[in-house]
1. Just a yes or no: is a residue in the stretch 92-112 at positive phi and without any contact (Cβ under 8 Å) to a residue 24 or more places away in the chain?
2. Determine if the stretch 107-115 includes at least one residue that is β-branched (Val, Ile, Thr), open to solvent by 20 Å² or more (accessible area, probe 1.4 Å) and at pLDDT 95 or above.
3. Restricting to the stretch 159-173, count the residues that are surrounded by fewer than 22 Cβ atoms within 10 Å (Cβ to Cβ) and touching a residue at least 12 places away in the same chain (Cβ under 8 Å).
4. Whether any residue in the stretch 213-226 is modelled with pLDDT under 65, within 25 Å of Pro153 (Cβ to Cβ), assigned to a loop (DSSP other than H, G, I, E, B) and open to solvent by 80 Å² or more (accessible area, probe 1.4 Å) is what I want to check.
5. Report, by residue number, each residue of the stretch 194-206 that is open to solvent by 30 Å² or more (accessible area, probe 1.4 Å) and either part of a loop (DSSP other than H, G, I, E, B) or modelled with pLDDT of 75 or more (or both).
6. So, in the stretch 27-53, exactly how many residues are open to solvent by 10 Å² or more (accessible area, probe 1.4 Å), part of a loop (DSSP other than H, G, I, E, B) and either touching a helix residue (DSSP H, G or I) at 6+ places or on another chain (Cβ under 9 Å) or modelled with pLDDT of 90 or more (or both)?
7. Among (1) assigned to a helix (DSSP H, G or I); (2) open to solvent by 90 Å² or more (accessible area, probe 1.4 Å); (3) at pLDDT below 60; (4) farther than 29 Å from Gly72 by Cβ, where does Leu209 come up short?
8. Determine whether Ala97 is open to solvent by less than 10 Å² (accessible area, probe 1.4 Å) and small (Gly, Ala, Ser).
Amino acid sequence: MSRLPRTYDQPVKLTPKQANIYVWGFQPEARFRDAVCGRRFGKTFLGKAEMRRAARLAAEWGVSVEDEIWYGAPTFKQAKRVFWRRLKQAIPEAWRAARPNETECSITLKSGHIMRVVGLDNYDNLRGSGLFFVLVDEWADCPWAAWEEVLRPMLSTCQYTIPQTGESRKGGHALRIGTPKGFNHCYDTYRDGQPGGELDKLKGQFDGLDIEAVKGLLAKAGQDEETKLIAEGKLDEVISRRTERLRTDLDKQVKAANERADKAEAFAAKYSDIGLWCGPSRCGYQPGSEPAST
């Protein structure tokens with residue numbers, strides 16, 4: 001797969017806070033980044049730099065052309081209005097294989113990769129391709145199911161090798177940007193990435209284990225046990241077990257929702273006017289050293 005041609009277009013200039021988010025992109029310890037930002041933070045300009053870099057790295061790292069690059073917003077109409085024009089500005093003509101598709105809001109690169117602007121409200125219609133990078137805008141207003149059921153599984157199938165080091169990596173990358181809106185999934189994913197958050201706890205408990213494999217074995221064991229009960233004619237016991245699982249899950253969801261609601265006003269007031277970044281605790285960024293994206 002050939003690299004994209006060199007371009008002399010002006011790079012997107014970033015503020016120090018935007019650069020603080022940008023410098024952690026596409027690193028194995030920061031595959032999923034969350035930026036909780038106030039109004040007028042410059043999320044769109046940061047998005048232009050991120051999408052341009054994703055296009056370049058997809059070609060340089062030999063990412064499969066089946067793994068696309070997306071910008072997503074709560075609705076397609078909003079995504080097109082906010083970012084489609086800016087995406088065309090961010091991608092140099094020298095990188096494009098053809099004219100942008102104005103109907104689908106997509107750009108095909110000379111490397112074969114496809115960049116799209118999509119709406120996450122009808123997320124079931126997005127299934128099919130893989131993903132190398134997705135930028136989710138207005139994360140607090142997007143449905144959690146779009147991430148959990150569609151975007152994350154699509155990212156998990158991406159595989160590539162860094163030519164400079166020969167390192168093989170698995171899994172695409174994501175940047176979720178949003179403005180606080182109570183204690184919903186935007187707050188949850190922000191907290192997960194903080195030092196001592198849920199991700200750090202899980203790493204400490206399950207270091208060295210393949211979590212997905214363990215989950216698969218547990219699910220298979222449960223299915224085998226239910227199959228045995230059904231064969232023995234104990235349908236009532238199977239129904240009772242499933243009902244109890246559903247009740248337990250519902251209780252957990254209600255408890256979590258109540259806890260988030262108790263803290264919503266304080267969080268929104270605290271972060272309404274500033275931009276924050278959620279990611280690994282050791283950034284190494286110093287003001288004045290921000291990069292100019294290429």
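1. no
2. Yes, the stretch 107-115 contains at least one residue that is β-branched (Val, Ile, Thr), open to solvent by 20 Å² or more (accessible area, probe 1.4 Å) and at pLDDT 95 or above.
3. 8
4. No, that holds for no residue.
5. Gln194, Pro195, Gly196, Phe206 - these are the residues of the stretch 194-206 that are open to solvent by 30 Å² or more (accessible area, probe 1.4 Å) and either part of a loop (DSSP other than H, G, I, E, B) or modelled with pLDDT of 75 or more (or both).
6. The total comes to 3.
7. Leu209 satisfies every listed condition except (1).
8. Considered against the rule, which asks whether it is open to solvent by less than 10 Å² (accessible area, probe 1.4 Å) and small (Gly, Ala, Ser), Ala97 comes out as no.
The values are calculated or read from the model by the stated rules, or taken from the named source; none is laboratory data. Note that the structure is predicted; figures quoted are calculated from it, not measured. Ideal geometry is used to build each Cβ from the backbone, glycine not excepted, and the neighbour counts take in all protein chains shown. For the accessible areas, the whole protein counts, side chains as well, though only heavy atoms, and no ligand, DNA or RNA atoms are used. Shrake-Rupley method; radii C 1.70, N 1.55, O 1.52, S 1.80 Å.
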